[in-house]
Amino acid sequence: MEAVHAHEHGHEHHPSGIMRWVTTTNHKDIGTLYLWFSFTMFMVGGVMALIIRSELFQPGLQVVNPDFFNQMTTLHGLIMVFGAIMPAFVGFANWQIPMMSGAPDMAFPRMNNWSFWLLPPAALLLIISLFVPGGAAAAGWTLYAPLTVQLGMGMDLTIFAVHILGMSSIMGSINIITTILNLRAPGMNMMKMPLFVWTWLITAYLLIAVMPVLAGAVTMTLTDRHFGTHFFNAAGGGDPVLFQHIFWFFGHPEVYIIAIPAFGVVSQVIPAFSRKPLFGYTSMVYATSSIAILSFLVWAHHMYTVGMPVQAQLFYMYATMLIAVPTGVKVFNWVATMWKGSLTFETPMLFAIGFLFLFTMGGFSGLVLSITPVDIQLHDTYYVVAHFHYVMVAGALFSAFAGVYFWLPKWTGRMYDETLGKWHFWLTMIFFNVTFFVQHFLGLAGMPRRIPDYALQFADFNMISSIGAFGFGLSQVFFLYIVLKAIRSGEKSPERPWEGADTLEWTMLPTPAPYHSFETPPVIK
Amino acid sequence: MAGIGMLFGAAGASWAQSRYNLQPPQSPIATQIYDLHMLVLVICVIIFVGVFSFMFYAIVKHRKSVGHKAAQFHENTTVEIIWTVIPFFILIGMAYPATKTIIAMKDTSTPDMTIKATAYQWKWGYDYLNGEGEGISFFSNLATPKAQIEGSRPKGQSYLLEVDNPVVVPVGRKVRILTTANDVLHAWMVPALGVKQDAIPGFIRDTWFKAEKPGTYRGQCAELCGKDHGFMPIVVEAVEPEKYAQWVAEAKSKQGASVVDPNKQFTLAELMALGEKVFAGNCAVCHLASGKGMPPAFPALNGSKVATGPKDAHVKLVLSGKANTAMASFKQLSDADLAAVVTYERNSWGNKAGDLVQPAEVKALRK
Amino acid sequence: MECTGRGLSADFSLTAKRNDSLSAAGRHLVFCFILAVSFAISLGFALAGAWPILPFAGAEMLALYLAFQYVARHAGDYERITVEDERVVLESVDGARTVRHEFNRRWAQVVLDWARGDGHCRLALRYCGREVEFGRHLTDAEREAVAQRLRQTIRNY
């Protein structure tokens, strides 16, 4: 992901060393920073996942105490969502949106620099919180009140971290929306934009709509803890369930904030390796928009068990089921894109197909969960854990891998090792399923999530899942090796490594992409 | 690793044994949920196989290496309308039975009996409010010994799913469960009975079940509630109505026997003996049997300012808890239990306050 | 970039504008839409008792407003260089600021160097020891081309 920049004029002057990265306002540099940051956080969150899976390898308490276990599940969730997946796709946005829409850079380059550099302090706060008295927040990534009131200083650090991450996201979103709307090249009208750009426009909008809601939620938690307010305290006239409504009003669109850019990447990769235009471009745009709109109407399906009127349960169930329609349209479109194409299976395509296959499984377990009575049975069990890992890991992460392998030649001018890339895919694919498929069975049998120890009938599936998790984790270290090898000593990439890729960055820019691209806009016919 | 073999060898029979599916349903609602899940699962599997057989056909036949040339079509309005509309009708087919079940689940009217389940960190308290057994009230703690959890003793059959006092209910009766909580969110879940309801501090929610067959049905707290979230199981014992009547009689006589004269004066030895039991059942999860606690979240009592300071302050702290910490109120315990446990804390480990607290003093401090 | 080599009166005229793909009306529409949704959401929560969402939404809308305002202010930015008779005129509009410089054609000197320090070339006109930069909206290659054209045109008087 390290950019090897072409020095067109031989006159390039940058501050060197670390200062270059601290002061940079170049969208490609910042994209690179985002990607490396997210990979680092992916490793940190991954180690936490492995601590969790080690404890769950066998019944009984062996590795950690229950309180630390809860800190691990909480931080694993927060770090993976806010530190790994979201920044990864912002990294893609930074690299690709200007190049794909014919813009010279992001609309506000200096703000772009700030939105990145807010992330490391926030991540540090989360990690430091492990070492303060009382340890890190241990209330789950959902931070449900009133458990949060009982926690120590680690909770306050988490709240500040969430605030900083939120600010970064908001600045990033404003930048992305302004760039896409104002800096498109002449002739690049909305319905000509590559789907990746479209999906980010929608995602940035979702972020703008829900980030203040999250900021408000954690602020109320803070004032309840320290300043005697009673937003979520029944004894003072508040309502703990209000927190859940607020959190999930943010949380459900957040799910799509993670998934929608992943749809975008896959919608670039599948046509490229099918050598055929994306099927149903218009319906893709409409389907994505309807998913975004519906995501505001379904939040309470995360909380059927708090007890709500029957009319509310029915409304949220119908609205949730409805999401299956546009999601189905997208899957059908991707399959139709492959249909009668001229397919090849380089690593990006493998990950895209893996995405398609496993994300659809996650979608179907989502449909199972949308049925309220079944959801009540499966709520807060491992079935839900399995479901959202199919959507987040097999969905977002697989598509991020597809994106890295797809654009790495454009970014660095070098090819990754195709054999190693295929190994990475198959190892990831197999270990992912070993880890998470069996968790469906655990959930069906009634194993609650977030428990450090479990009854004996859950033992064998947990052991299988833990073995899978370690395999999965190691496969990602292998990914790091593949990327570093490509950057250091990869073969030089041809100008157009993928013959089917036809967006601007492939057709109108050299490989590797120059440090400054499209300083005057290209004209799109 | 036995699971992997089982995974692929899953025959029809194993579905019924709940290894790969929901637990065998034991109430009308659980049965409906089971059937709904099977219906949706089957529809999903059929669609999944259908869609991906197209994909795999394309992967095999439409690949470049077999010389397939790419077609250039990129839209087809008819097809796109069809695959938007058909899923819509399939969804309606799923929503219809689901709606019926939701309405049935939410109908908590005309119960034969009502039991209030109050969640504490980390145990359940039950009060039989209405119907046969009215007035019975007890706590239900994890019965698995610490030695099994830590691995120094082999784990029993019902490891982590066993309690000292199960909820006993008669079969064939509609039992309404009211849930509430004392401190943070918890959830009362018994999968075989198709019941899961959050317990929310300050609010009362309800749900219901009707056990069809006698048996022991086990569940756990399903909402993260802090350190020992994984260690507060729920056990429901459904028995024939005659046996239930018998149990009610026994429980009532036991409860009558344990009522103590509020003005009785206890000796230090009596209080210490009772206090040790109460401490083990309520306090030791955080402050540990050694009184050393797990600082900083769970402070040591051994040598603590509270346990060696004025006794009124000590009693008040136990009665009302400490705001913004994990120290909850223990006002649900009886005056005698509280007097005993405070006395125990003041005179155990290194603590030598030497004083003792009588139930009457606790009573006076309650507000 | 619009470039006219042979105007009626001018010997050389060049206008360089920034590219803007969203109209002023479009910007208004987008902003009002986002504002309406965010306001509805935070007002709804305020009515439910969670008023602290309102100030955050307000701050965010302010940031978005300022960003759009900045874009709008610079939507009309352009630079124009005109060479006619014995004058060279540089006009530049940057937000609300309009700057106009007139040079004597005989004394004007075209400067092109790499001294900017950010890896880009710099194009300027020098007159009586004073330099005025030109070509913010141009690429390096275009600056080089323009410099060449200008030198020829000015010399040809």
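The values are calculated or read from the model by the stated rules, or taken from the named source; none is laboratory data. Note that this is a predicted model, so its numbers are computed, not measured. Here the Cβ is made from the backbone with ideal geometry for all residues, glycine too, and neighbour counts use every protein chain on show.
Would you please name the residue that is farthest from residue A:440 (Cα to Cα), looking only at residues in segment A:370-387 that are free of Cβ contacts under 8 Å to residues at least 60 places away in the same chain and more than 9 Å from every other protein chain (Cβ to nearest Cβ)? I'd like the intermediate steps shown before the answer.
Initial filter on segment A:370-387 (free of Cβ contacts under 8 Å to residues at least 60 places away in the same chain): A:371, A:373-374, A:377, A:386-387.
Filter again for more than 9 Å from every other protein chain (Cβ to nearest Cβ), leaving A:386-387.
Working: A:386: 6, A:387: 8 Å.
In this case the residue turns out to be A:387.
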### Query
Only one of (1) under 29 Å from residue A:446 (Cα atoms); (2) modelled with pLDDT of 95 or more; (3) more than 7 Å from chain B (Cβ to nearest Cβ) is not met by residue A:394, so which one is it?
(2)
### Task
Evaluate segment A:150-166: report whether one residue or more is aliphatic (A, V, I, L, M), within 28 Å of residue A:279 (Cα to Cα) and more than 14 Å from chain B (Cβ to nearest Cβ).
no
### Task
Taking residue A:241 as the residue in question, decide whether it is in contact with a Ser or Thr (Cβ under 9 Å, 6 or more places away or on another chain) and either away from every other protein chain (no Cβ under 12 Å) or touching a residue at least 40 places away in the same chain (Cβ under 8 Å) (or both).
no
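Residues are listed down the side, and each one gets a yes or a no for (1) assigned to a loop (DSSP other than H, G, I, E, B); (2) closer than 24 Å to residue C:24 by Cα:
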| residue | (1), (2) |
| --- | --- |
| A:165 | no, no |
| A:176 | no, yes |
| A:181 | no, yes |
| A:185 | yes, yes |
| A:191 | no, yes |
| A:204 | no, yes |
| A:208 | no, yes |
| A:215 | no, no |
### Message
Being of a type in the set (Ser, Thr, Tyr), touching a helix residue (DSSP H, G or I) at 6+ places or on another chain (Cβ under 8 Å) and surrounded by 21 or more Cβ atoms within 10 Å (Cβ to Cβ): is that true of residue B:179 here?
### Response
no
### Task
Give segment B:59-78 a look and list any residue that's exposed (fewer than 15 other Cβ atoms within 10 Å of the Cβ) and more than 10 Å from residue A:342 (Cα to Cα), or say none.
B:60, B:72, B:73, B:76, B:77, B:78
### Query
Which numbered condition trips up residue B:49, out of (1) surrounded by 16 or more Cβ atoms within 10 Å (Cβ to Cβ); (2) part of a helix (DSSP H, G or I)?
(1)
### Task
Answer yes if at least one residue in segment B:208-222 is under 22 Å from residue A:309 (Cβ atoms), in a strand (DSSP E or B) and not assigned by TED's automatic domain parsing to the domain that holds residue B:277, and no otherwise.
yes
### Query
Which one is nearest to the other protein chains (Cβ to nearest Cβ), of the residues in segment A:119-149 that are within 20 Å of residue B:183 (Cβ to Cβ) and within 21 Å of the chain's Cα centre (by Cα)?
A:140
### Query
Quick check: is even one residue across segment B:320-337 in contact (Cβ under 8 Å) with a residue 24 or more places away in the chain, touching a Pro at 6+ places or on another chain (Cβ under 7 Å) and not assigned by TED's automatic domain parsing to the domain that holds residue B:137?
yes
### Query
Of all the residues that make up segment B:189-207, how many are crowded, with 24+ Cβ neighbours inside 10 Å, of a type outside the set (A, V, I, L, M) and more than 7 Å from chain A (Cβ to nearest Cβ)?
1
### Those residues of segment A:300-319 which are among the hydroxyl-bearing types (Ser, Thr, Tyr) and within 13 Å of residue A:377 (Cα to Cα), in sequence order
A:304, A:305
#### Entry: Yes/no for residue B:177 being outside any loop (DSSP other than H, G, I, E, B) and out of contact with any strand residue (DSSP E or B) (no Cβ under 6 Å at 6 or more places or on another chain)
no
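Quick check, is residue C:125 more than 13 Å from every other protein chain (Cβ to nearest Cβ), surrounded by 13 or more Cβ atoms within 10 Å (Cβ to Cβ) and modelled with pLDDT under 85? Steps first, please.
Details: more than 13 Å from every other protein chain (Cβ to nearest Cβ): yes; surrounded by 13 or more Cβ atoms within 10 Å (Cβ to Cβ): yes; modelled with pLDDT under 85: yes.
Answer is yes for this residue.
Run down B:160, B:129 and say which single residue is assigned by TED's automatic domain parsing to the domain that holds residue B:204, crowded, with 20+ Cβ neighbours inside 10 Å and in contact with a strand residue (DSSP E or B) (Cβ under 7 Å, 6 or more places away or on another chain).
Values: B:129 fails: crowded, with 20+ Cβ neighbours inside 10 Å.
It is B:160.
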### Message
All but one of (1) under 27 Å from residue B:168 (Cα atoms); (2) in contact (Cβ under 8 Å) with a residue 60 or more places away in the chain; (3) not aromatic (Phe, Trp, Tyr) hold for residue B:256; state the number of the condition that does not hold.
### Response
(2)
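Can you tell me how many residues in segment A:154-188 are of a type in the set (S, T, N, Q) and free of Cβ contacts under 8 Å to residues at least 60 places away in the same chain? Full working, then the answer.
Applying the first criterion (of a type in the set (S, T, N, Q)) to segment A:154-188 yields A:158, A:168-169, A:173, A:175, A:178-179, A:182.
Now narrow it down to the ones that are free of Cβ contacts under 8 Å to residues at least 60 places away in the same chain: A:168, A:173.
Counting residues in segment A:154-188 that are of a type in the set (S, T, N, Q) and free of Cβ contacts under 8 Å to residues at least 60 places away in the same chain gives 2.
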### Query
Across segment B:312-327, which residue is surrounded by the fewest Cβ atoms within 10 Å (Cβ to Cβ) among those that are at pLDDT below 85 and touching a helix residue (DSSP H, G or I) at 6+ places or on another chain (Cβ under 9 Å)?
B:323
#### Entry: Residues (of a type in the set (A, V, I, L, M, F, W, C), closer than 17 Å to residue A:454 by Cβ and part of a loop (DSSP other than H, G, I, E, B)) located in segment B:138-174
B:143, B:160, B:161
### Candidate set from segment A:447-479 (those that are over 26 Å from the mean Cα position of the chain (by Cα) and of a type in the set (D, E, K, R)); member that is nearest to the other protein chains (Cβ to nearest Cβ)
A:460
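Assess whether residue A:305 counts as being facing another protein chain (nearest Cβ under 7 Å) and closer than 30 Å to residue B:105 by Cα. Write out each step before concluding.
On the way: facing another protein chain (nearest Cβ under 7 Å): yes; closer than 30 Å to residue B:105 by Cα: yes.
Considered against the rule, which asks whether it is facing another protein chain (nearest Cβ under 7 Å) and closer than 30 Å to residue B:105 by Cα, residue A:305 comes out as yes.
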### segment B:84-94, residues that are surrounded by fewer than 19 Cβ atoms within 10 Å (Cβ to Cβ) and within 7 Å of chain A (Cβ to nearest Cβ)
B:84, B:88
### Test result for residue A:196, surrounded by 24 or more Cβ atoms within 10 Å (Cβ to Cβ) and either within 14 Å of chain B (Cβ to nearest Cβ) or outside any helix (DSSP H, G or I) (or both)
no
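Among the residues in segment A:279-292, are any more than 29 Å from residue B:85 (Cβ to Cβ) and of a type outside the set (Gly, Ala, Ser)? Spell out the reasoning first.
So in segment A:279-292, the residues more than 29 Å from residue B:85 (Cβ to Cβ) come out as none.
No, because not a single residue in segment A:279-292 is more than 29 Å from residue B:85 (Cβ to Cβ) and of a type outside the set (Gly, Ala, Ser).
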### Task
Residue by residue through segment B:96-112, note down the ones that are surrounded by fewer than 19 Cβ atoms within 10 Å (Cβ to Cβ) and hydrophobic (A, V, I, L, M, F, W, C).
B:103, B:104
### Query
Among the residues of segment C:9-56 satisfying the criterion of being exposed (fewer than 14 other Cβ atoms within 10 Å of the Cβ) and hydroxyl-bearing (Ser, Thr, Tyr), which is farthest from residue C:100 (Cα to Cα)?
C:23
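Conditions (1) touching an Asp or Glu at 6+ places or on another chain (Cβ under 9 Å); (2) surrounded by fewer than 21 Cβ atoms within 10 Å (Cβ to Cβ), marked per residue:
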{"residue": "A:297", "(1), (2)": "no, yes"}
{"residue": "A:312", "(1), (2)": "no, yes"}
{"residue": "A:321", "(1), (2)": "no, no"}
{"residue": "A:326", "(1), (2)": "no, no"}
{"residue": "A:330", "(1), (2)": "no, no"}
{"residue": "A:333", "(1), (2)": "yes, no"}
{"residue": "A:347", "(1), (2)": "yes, no"}
